[in-house]
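Accompanying notes for the structure given below.
The values are calculated or read from the model by the stated rules, or taken from the named source; none is laboratory data. Because the structure is a prediction, the values reported are computed rather than measured. Positions of Cβ are backbone-derived with ideal geometry, glycine not excepted, and every protein chain shown enters the neighbour counts.
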Amino acid sequence: MALMRKPSKLQGRTTISDVAKACGVSKTTVSKVVNLPPEKLDVSESARQKVLAACQKMGYRPNRLARALASGRTKTIGLVILETSPGYHSPLWQEITSTLVNALHEKQYDVLFVPSADRVERCIQLLLDLRLEGCLLFHELTDPMAQALEEVNLPAVLINADGRGLQPSVVPDDVRGAKELTRHLISLGHRRILYVDSNPSPRHFSFRCRFEGYRQALAEAGLESGARKLSGVPQDLAAQIVTMTPRPTAVVSYDDRFTTAILHGLWKHGVHVPADMSIATFNNTELTKYSIPSLTTMEVPAAQMSRQGVQMILKQIETHEKAPPKPILLPERLIIGESTASPPA
C-alpha cells in the first residue's frame, strides 16, 4: 500500500510575496523592512509601519538566513557548556541558563547551545562557521580555549567559571559567602566545624573558594587549628562523620544537592539535624526549600549572574571593545533555614 505524506503544518504559511501584495509594495521593500535596521532603510516610515503591521497580522516570520545575509549579522550567541562538568545537570545551572536565554531573547538575540566535551578546536571552529557574534562559556577556561579565543578575537564572557585573568567573567563571591556562612555557625556557639565536599573531575573553582572562605572564618575566630576537610561520596562521609572523635557539632557542605545526601546518611546513623549536629550549605535551589529540615544556605545570585553576563557580551558586540579580563564578583545572601542551631549541651 502506498504511503501518503501527511500535509505539512508549514504548507500555506505566509510568504514575503503575500505581505508585499497585501501592502501594495514590492517584495524588495518588504525584505528591507524585515531584515534591515531602521537607520539603514531607504523606505518611508509610513511604508515601514504598514509592512510591520501586515507582518504581525498575517503571521509572517522573516527567513533567518536571509536576514543574516542582508544585515551581515546573525544576532546569535553561543552557550558553550562542558558536558563532563559535574554541575552540568544541577538545578543551579538550569536556573542560570534559563534566565540567560530569556535575557538574550529580550534583546532580540537567539541562542545556540554548543556542548564542547573538551574538543576545543572543533568548538571554536563551529562558533566561527555559524558566524555567531559571541559566546558565553560555562566551564573553566583551559589554556587551549584561551588561546583559541584570543586568536579568533571572538567576544566571550565566562559565567560562574574562572576566567583566570585571561577573559572577562561573572562569578559569585564564594570566598566571602563561605566566610559568612561559617561565621553564622560560630555565632551560634559552634567550635568544631567540619567542611565536606565531593571529588569531581574536573573540579569547579568554587570548591577551592568555598573551602578557603571556611578556613578564613575559622582563622579569624582563632579556630584555625580545627579546620578540617573530608572529600568523597556522601554516604561514606556520613559514616566517617559519626565516628569522628571528638565529633563535629556543625558541618559546612559544598552544595545543597550534596548536602541532602549527607542529611540522609546522618539520619541513617541516628544523627538528627539540627538537634545533634548543624549543617549549612550553598546555592539555595529548590532542593534547599524542600529538604527536611530546610537548609541554611548561601544563595548564589544565579539570575543576576546571567543578566550581568548578557550585558557584558552585548556591550562587547555592539561597541567592538573587549571587556577587561577580570572577574566581576557578585555577593551571595545568607538564608537561615532549620538545619542550624546552637550546639548540643
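Summary of values
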| read-out | value |
| --- | --- |
| Any chance LEU237 is in contact with a Leu (Cβ under 6 Å, 6 or more places away or on another chain) and assigned to a helix (DSSP H, G or I) | yes |
| Wholly within the stretch 79-176, helices (runs of 4 or more DSSP H) carrying at least 1 residues that are at pLDDT 85 or above, over 27 Å from SER198 (Cβ atoms) and assigned by TED's automatic domain parsing to the domain that holds LYS326 | 91-106 |
| All positions within the stretch 265-300 that are hydroxyl-bearing (Ser, Thr, Tyr), surrounded by 17 or more Cβ atoms within 10 Å (Cβ to Cβ) and at pLDDT below 95 | THR285, THR288, SER291 |
| Residue ID - surrounded by the most Cβ atoms within 10 Å (Cβ to Cβ), chosen from residues in the stretch 165-202 that are among the basic types (Lys, Arg) and more than 25 Å from ALA303 (Cβ to Cβ) | ARG183 |
| Scope the stretch 240-253; condition in a loop (DSSP other than H, G, I, E, B), surrounded by 13 or more Cβ atoms within 10 Å (Cβ to Cβ) and either among the hydroxyl-bearing types (Ser, Thr, Tyr) or not assigned by TED's automatic domain parsing to the domain that holds LEU185 (or both); matching residues | THR249 |
| ALA53 being of a type in the set (A, V, I, L, M, F, W, C) and within 41 Å of the chain's Cα centre (by Cα) | yes |
| Filtered residue count, the stretch 331-344, keeping only those that are within 19 Å of the chain's Cα centre (by Cα), surrounded by 14 or more Cβ atoms within 10 Å (Cβ to Cβ) and not in a loop (DSSP other than H, G, I, E, B) | 0 |
| The lone exception for CYS209 - which of (1) more than 24 Å from TYR290 (Cβ to Cβ); (2) in contact (Cβ under 8 Å) with a residue 40 or more places away in the chain it fails | (2) |
| Residue satisfying condition, being under 23 Å from the mean Cα position of the chain (by Cα) and among the small types (Gly, Ala, Ser), within set SER231, SER198 | SER198 |
| Answer residue from the stretch 201-234, given it is of a type in the set (Gly, Ala, Ser) and not in a helix (DSSP H, G or I) and is nearest to ILE335 (Cα to Cα) among those | ALA221 |
